[in-house]
Amino acid sequence: MTQLPDGRYVDDAPYDPEASLQQLERKDLDAPNWLLVWRKFRQHKLALVSGIFLLLSYLMLPFAGFIAPYGANERHEEHLYSPPQLVRFFHEGEFLGPYIYPMTAEANLETFQWEFKPDYDDPSRLQFFCKGTEYRLAGLISSRMHLFCAPEGQTVFLWGSDRLGRDIFSRILYGAQLSLTVGLIGITVSFVLGIGFGSVAGYFGGTIDWVINRVIEILRSLPELPLWLALSAAVPSNWSPVAVFFIISIILGILDWPGLARSVRAKFLALREEEFVRAAEMMGASSGRVIRKHLIPNFMSHLIASATLSIPAMILGETALSFLGLGLRAPAVSWGVMLNDAQNLASVDIYPWIAIPMLPIVIVVLAFNFLGDGLRDSLDPYQS
Amino acid sequence: MSPLLTVEDLSIGFGRGDAVVSGVGFEVNEGQTLALVGESGSGKTVTCRAILRILPRTAQIRSGKVMLHGRSGGLSLTDLGERKMRAVRGDAVSMIFQEPMRSLSPLHRIGNQVSEVLWLHKRMSESAAKKIVLENFERVGFPDPERAYKSYPFELSGGMRQRAMIAMAMVSRPDLLIADEPTTALDVTTQAQVLGLINELKQETGMAVILVTHDLGVVANMAEQVVVMHKGRIMESGAAAPMLQAPAHPYTQQLFDAAPSIPANPEPAAPPGEDDLILQMKGVSKTYTMRAQSAWKPEVLIHACRGVDFSLPRGKTLAIVGESGSGKTTAARIALGAELPDRGGEVLFRANPQGAPIAVHSMNRAARTAFQKQAQMVFQDPYSSLSPRMRILDALTEPLEIHGIGSKSEQRDRAAAKLRQVGLNDDMLMRFPHAFSGGQRQRLSIARALMLEPSLLVCDEPTSALDVSVQEQILTLLEDIRDRLGLSYLFISHDLAVVARIADEVAVMRQGLVVEQAPPDTLFYDPVHPYTKALIAAQPTPDVDRPINLKLVAQGAGSADTWPDQFRFTDDEAPSLTQVQPGHKVRCHV
């Protein structure tokens, strides 16, 4: 600081008036959009953990048969309502590797219940990469290899067995194949319809916009559950489980699109006012090009976030339908179908483990919500 | 006597990053105005907020001291407890923010928001507070204080909202008023009135003012002391008058040179020749229909443009000047064919001097494509005019792709060439727009407009979102390109001083009507219309000897019914645009 005779202070540091033009002002933002989004998303721990969990869950789906020790509909008549067995490592202070105590079933003739007692004297070690029931890897390759199975002559029910003596753990894994994909198929249907109608309404406006908006309002005013019930009751009962599954997910998608279409339309209306869209229009770009090149890339990320947030609704929808016996039907396995068994309060009271399929539902729905939340927060990475 | 506010060696940083303000110190004496001058990112707002400790959560004061010697004795604001700090805010020190719309709660009546200060600090009853608030409303110039007390912020215009903010800041008779760019979002005439009001209130109450601004013209009109900041450091500080006469620091000099001003001694100019017109608008009007307040009443008609006649000679610049809502942007959009004028209006475009003029709004597909190549637009907001998902290269080559010009490598070469033409390096082609500053983005946007080698460029307030020094560079660039490539500009602006240097002819618009039209020098030499006079008088110039003439501003800036009889117009009727001299047209009854 120098002081001038008239009392002014002037900074002494050298100053270059021409410096700025070629410099990047925001070096931290000098990256493509996805990288900026990723950098911001990384800071969101809960969302990151949820994302990894969901990724692993989906990657697991083709290998469900390998991980599960039993087939989905494999029955153990001797072990109805067997309680969960704990995998242990130390037997009387000695390391044995993963082992279980064998269960012995005894009929209690006073209560007419099976009573299961672990035999603490006879630890038997689990077998790994062993032969078991046949399954198809990713639905294609036939295999009998399982990650682990029970020791000879024993059972391993990590989460207990159900009314028919089927392993709940294995069934949850198999059920994930349907329950997790129903959301994806549903959201695809809803995405296509939502983006289609939403963008048409938002871009062209006028009468089309009016008609689409009224249709959305009518669809949204219909009570959801009865409509689901009606639609799924219309599915012929002699169809194969796979066909029923597709129909159910499409029904869920058809009923979900109005919400998505609305947010697409709102985003479109906002983006249309952006000057880069005006600029493209004034350069002579056709509406198709403007939608494809400018509008969709700019709101795709928002759509992915809102889709992530609406997958849980689909999963819950499937669960609710199947729980009521109107969605997927046995022999198909889904979490909702499994919970169907838990409808009987008396049996939940005596065999609480048959309600375990609620856990994956809660966890997956939460994970999707956390992930969607994190995505939504990181989608606008341009502010510091 | 100790100064009212002392800031010593203040340093502020965000998170773990470098300090955004470092070693800033200044003093404010009672009854004085200190101007904090700097461009966006210079740290002036952060400094002000640090005084009241209302910084964003990630920012922390790293060193320094802020001392206030006000009504309650000496206080060290940096060490005060949060509870005592609350008692200072809005009472001894109050603040006015830049955006009057966002600083008032839209759900509360103005009167309640202003009274809140009194309820909180003075524990006044509602009726006692109301009395004082009404007095204040009258003082800040609300024509009907009772009505203002009951209205919601969205019912008021920007200038009125800023007056309400001032009333809110003044109601507790503060020792120090911090005004953070209080007039940046306002029109020139409103700015002049708001500045005048702050000055009057300062004289009346003897409070001190810290005025944050980027405009040296405002400084010349308001401040006794000036602190010039750049990148968080003080470049120069001291008394205003000597600094404006002879800036000592090169940065101050640069700001001073960049400040747009209306020439002090204008000479009337010769009217431009009108032989080779590239664009001609004849009797263009545009009426929008808006839904009425009640669902069963007929729709309301809004006249955005009324009977606009322009002719733009080839290679020249026609500027349209007016406040927001004057119809200038609508006129430009019609000129580009983006909007259809009402029946009877016609826009003619002549691509080359020999060719026959074509009507912009009745073209077939091929002619429209040809026209789009010839006429391009530069937009106002550099932050929204480039798609954040496209690399610079893609954004620049898009117009070529649309019109199917050249191969990929030719397109790329042309993009690089245009980038150099606007003064940027061609290694920027693969980057994304968000890494660039506003000025750089505006250059990119100009480069994109030049890609098709147009002959007409419509510039819609291309500099109003930029800092003064950047504005100067962009104007120089635009002038340079125009002369080198022989372009014609239709230049939209709200700032007469910006237009003064670039335009060959200026049309002043108000409420959809052109009120005066002449070459800029003629306009400054002999303004006839009261509104033009007001615009010229309201323009702050960085010269202490040319203060804003508030009387002239007040005469012209009001609504059209307050003008002298011969200029008056209503929604349905208006005097015609009369030629008072060759090349000088005024809307008046002769």
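The values are calculated or read from the model by the stated rules, or taken from the named source; none is laboratory data. Source: prediction; values computed, not measured. With ideal geometry, Cβ positions are generated from the backbone for all residues, glycine too; neighbour counts draw on all protein chains shown.
Listed values, structure above:
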quantity	calculated
Considering residues of the range B:23-44 that are in a loop (DSSP other than H, G, I, E, B) and of a type in the set (S, T, N, Q) only, the residue nearest to B:Asn199 (Cα to Cα)	B:Gln32
Qualifying residue in the range B:73-82 (condition: among the charged types (D, E, K, R), out of contact with any helix residue (DSSP H, G or I) (no Cβ under 7 Å at 6 or more places or on another chain) and crowded, with 18+ Cβ neighbours inside 10 Å)	no
Of the criteria (1) polar (S, T, N, Q); (2) at pLDDT below 90; (3) under 26 Å from A:Met283 (Cβ atoms), which one B:Thr522 fails	(3)
Search result, residues across the range B:1-38 that are closer than 18 Å to B:Met235 by Cβ, in contact with a helix residue (DSSP H, G or I) (Cβ under 9 Å, 6 or more places away or on another chain) and surrounded by fewer than 19 Cβ atoms within 10 Å (Cβ to Cβ)	B:Val20
Flag for B:Ile334 being under 19 Å from A:Arg278 (Cβ atoms), away from chain A (no Cβ under 14 Å) and either surrounded by fewer than 21 Cβ atoms within 10 Å (Cβ to Cβ) or β-branched (Val, Ile, Thr) (or both)	no
Residue in the range A:126-134 that is of a type in the set (A, V, I, L, M) and surrounded by fewer than 14 Cβ atoms within 10 Å (Cβ to Cβ) present	no
Residue in the range A:204-221 that is farthest from A:Phe268 (Cα to Cα), counting only those that are surrounded by 13 or more Cβ atoms within 10 Å (Cβ to Cβ) and within 28 Å of the chain's Cα centre (by Cα)	A:Leu219
Near pairs, Cβ below 9 angstrom, 6+ apart or cross-chain, from the range B:475-490 (outside any strand (DSSP E or B)) to any residue that is buried (at least 18 other Cβ atoms within 10 Å of the Cβ) and of a type in the set (Lys, Arg)	B:Leu477/B:Arg443; B:Arg482/B:Lys316
Tally of residues being surrounded by 17 or more Cβ atoms within 10 Å (Cβ to Cβ) and facing chain A (nearest Cβ under 10 Å) across the range B:341-369	0
Subset of the range A:270-289 (residues that are surrounded by fewer than 16 Cβ atoms within 10 Å (Cβ to Cβ) and more than 21 Å from B:Arg368 (Cβ to Cβ))	A:Ala270, A:Glu273
Subset of the range B:370-404 (residues that are without any contact (Cβ under 8 Å) to a residue 12 or more places away in the chain and more than 10 Å from every other protein chain (Cβ to nearest Cβ))	B:Gly404
Test: residue in the range A:249-267 that is more than 14 Å from chain B (Cβ to nearest Cβ), hydroxyl-bearing (Ser, Thr, Tyr) and in contact (Cβ under 8 Å) with a residue 40 or more places away in the chain	yes
Residue within the range B:45-56 that is assigned to a strand (DSSP E or B) and modelled with pLDDT under 90 present	no
Given (1) within 14 Å of chain A (Cβ to nearest Cβ); (2) surrounded by 18 or more Cβ atoms within 10 Å (Cβ to Cβ); (3) farther than 23 Å from B:Val499 by Cα, index of the condition B:Lys286 fails	(1)
Test: A:Ile52 is β-branched (Val, Ile, Thr), out of contact with any helix residue (DSSP H, G or I) (no Cβ under 8 Å at 6 or more places or on another chain) and away from every other protein chain (no Cβ under 14 Å)	yes
Qualifying residue in the range A:243-265 (condition: out of contact with any helix residue (DSSP H, G or I) (no Cβ under 8 Å at 6 or more places or on another chain), under 24 Å from A:Ala332 (Cα atoms) and of a type in the set (A, V, I, L, M, F, W, C))	yes
Residue identified as surrounded by 13 or more Cβ atoms within 10 Å (Cβ to Cβ) and β-branched (Val, Ile, Thr) among B:Val580, B:Val590	B:Val580
Number of positions in the range B:156-188 that are over 21 Å from B:Ser42 (Cβ atoms) and among the polar types (S, T, N, Q)	3
Leading residue by the ranking (surrounded by the most Cβ atoms within 10 Å (Cβ to Cβ)) among those in the range B:217-243 that are in contact with a Pro (Cβ under 9 Å, 6 or more places away or on another chain) and within 11 Å of chain A (Cβ to nearest Cβ)	B:Val228
Condition check for B:Gln253: over 19 Å from B:Ala50 (Cα atoms), within 14 Å of chain A (Cβ to nearest Cβ) and out of contact with any helix residue (DSSP H, G or I) (no Cβ under 7 Å at 6 or more places or on another chain)	yes
Criterion: under 31 Å from the mean Cα position of the chain (by Cα) and either of a type outside the set (A, V, I, L, M, F, W, C) or modelled with pLDDT of 85 or more (or both) - qualifying residue of A:Pro151, A:Pro83, A:Pro118	A:Pro83
Single match in A:Leu164, A:Leu126 (criterion: touching a residue at least 40 places away in the same chain (Cβ under 8 Å) and either among the hydrophobic types (A, V, I, L, M, F, W, C) or more than 29 Å from A:Ile361 (Cα to Cα) (or both))	A:Leu164
Exclusive hit being in contact with a Leu (Cβ under 8 Å, 6 or more places away or on another chain) and assigned to a strand (DSSP E or B), set B:Val506, B:Val515, B:Val498	B:Val506
Candidate set from the range A:291-301 (those that are touching a helix residue (DSSP H, G or I) at 6+ places or on another chain (Cβ under 8 Å) and farther than 15 Å from B:Leu396 by Cα); member that is nearest to the other protein chains (Cβ to nearest Cβ)	A:Asn298
Selection count where residues are more than 12 Å from every other protein chain (Cβ to nearest Cβ) and without any contact (Cβ under 8 Å) to a residue 60 or more places away in the chain, scope the range B:405-446	14
